[in-house]
Amino acid sequence: MNVAMNAAAATAPVRPAAGWYPDPEGGVRLRWWDGEDWSDRYRSRPPAAGYAATTAAAAAAGALAGGAGALAGGAGPVLASLRPEDRRLLVDEVRQAARSEMDRALDTVEARVGVAAQRFQPLVGAYTNQILRVVRRLALLALVLLIGYLVLQAVGQAAVLDWIGDRIDRLTER
């Protein structure tokens, strides 16, 4: 059984390690290779310097992994065969590539958040302004109606008092 598995592993094609690679269908985007097949995940290329570092790190990781067979069996033997200073350099390159990729992603997110924040108008503020306008108009209308009511009351009272005075004068004149 192990002989058949080893023979199948020996004849299996060596595939690149999982990672972001130029889209085989063309275009300027990168596409995710999961180690077996192309996924439907895309992203834009990083700046030239970051892309070179990311590509170098991916190539180094692919070389370390030794293709699909080494991934299945683990990359331990390949890493163990490297000198300690080579291992440190490789780990440092991978860390630097990961950090630069993380920084690039963070910069992209911050830029998009900044643009969204500039375009975003809080609904609370918009509705608050409309409500304040309506309240002001209603207060002005109430003030006008109150003044009109007071004027009518004063005129009405004066007219009633004049009428009552006229009636009293007519009664006393007789």
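The values are calculated or read from the model by the stated rules, or taken from the named source; none is laboratory data. Predicted model, so just to flag it, every value in this text is computed and none were measured. Quick reminder, even Gly has a Cβ in these numbers, built from the backbone with ideal geometry, and neighbours come from all protein chains shown.
The criterion of being β-branched (Val, Ile, Thr) and loosely packed, with under 11 Cβ neighbours inside 10 Å does not hold for Val91.
Pairs are defined by a Cβ separation below 7 Å, a sequence spacing of at least 6 or placement on different chains, a first member in the stretch 26-37 that is surrounded by fewer than 13 Cβ atoms within 10 Å (Cβ to Cβ), and a second member that is not polar (S, T, N, Q) and not in a strand (DSSP E or B); the pairs so defined are Val28/Arg45; Asp34/Ala18. Kindly check whether there is at least one residue in the stretch 105-125 that is of a type in the set (Gly, Ala, Ser), part of a helix (DSSP H, G or I), modelled with pLDDT of 85 or more and within 27 Å of Gly35 (Cα to Cα). So far as the stretch 105-125 goes, yes, one or more of its residues are of a type in the set (Gly, Ala, Ser), part of a helix (DSSP H, G or I), modelled with pLDDT of 85 or more and within 27 Å of Gly35 (Cα to Cα).
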